[in-house]
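What follows is a short report on a single structure.
The values are calculated or read from the model by the stated rules, or taken from the named source; none is laboratory data. Keep in mind that this is a model prediction, so the values were computed, not measured. We place every Cβ from the backbone using ideal geometry, glycine too, and count neighbours over all the protein chains shown.
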């Protein structure tokens, strides 16, 4: 069994403009990719922690996400646990 890691995905809130996502959306048809109607660009953080991923560890990661990894005014985040193969 692999080492667990906590993944934090950070995305702009839906009401916030996403110029990077719009640039990608505009480039896709020029590169021959059709059918994509919207693109939002975000950030992904992978945190390996010492020991088990307990509720206390997840609470600390929530604090990290709220204070450092995201800007809560314009972004939201989601946490999940992934297991390396």
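Of the listed requirements (1) surrounded by fewer than 15 Cβ atoms within 10 Å (Cβ to Cβ); (2) in contact (Cβ under 8 Å) with a residue 24 or more places away in the chain; (3) assigned to a helix (DSSP H, G or I), residue 59 misses just one: (2).
Report whether or not residue 10 is at pLDDT 95 or above and under 18 Å from residue 79 (Cα atoms). Yes: the conditions hold for residue 10.
In the set (1) more than 22 Å from residue 16 (Cβ to Cβ); (2) out of contact with any helix residue (DSSP H, G or I) (no Cβ under 7 Å at 6 or more places or on another chain), residue 44 fails one condition alone, (1).
Residues in segment 34-56 that are surrounded by 11 or more Cβ atoms within 10 Å (Cβ to Cβ) and modelled with pLDDT of 95 or more were compared, and the one that is nearest to residue 6 (Cα to Cα) is 47. Taking segment 68-85 as the region of interest, how many residues are exposed (fewer than 11 other Cβ atoms within 10 Å of the Cβ), free of Cβ contacts under 8 Å to residues at least 24 places away in the same chain and farther than 17 Å from residue 49 by Cβ? Going through segment 68-85 one residue at a time, the tally reaches 1. Working only within segment 62-85, note down all residues that are touching a strand residue (DSSP E or B) at 6+ places or on another chain (Cβ under 9 Å), in a loop (DSSP other than H, G, I, E, B) and at pLDDT 95 or above. Within segment 62-85, 70, 71, 74 meet the criteria. Among the conditions (1) in a loop (DSSP other than H, G, I, E, B); (2) touching a helix residue (DSSP H, G or I) at 6+ places or on another chain (Cβ under 9 Å); (3) closer than 21 Å to residue 68 by Cβ, residue 34 misses just one, which is (3). If the condition is being within 19 Å of the chain's Cα centre (by Cα) and either in contact (Cβ under 8 Å) with a residue 40 or more places away in the chain or loosely packed, with under 11 Cβ neighbours inside 10 Å (or both), then segment 16-32 contributes 16, 17, 19.
For segment 33-56, filtering for residues that are over 17 Å from the mean Cα position of the chain (by Cα) and touching a residue at least 40 places away in the same chain (Cβ under 8 Å) leaves 3.
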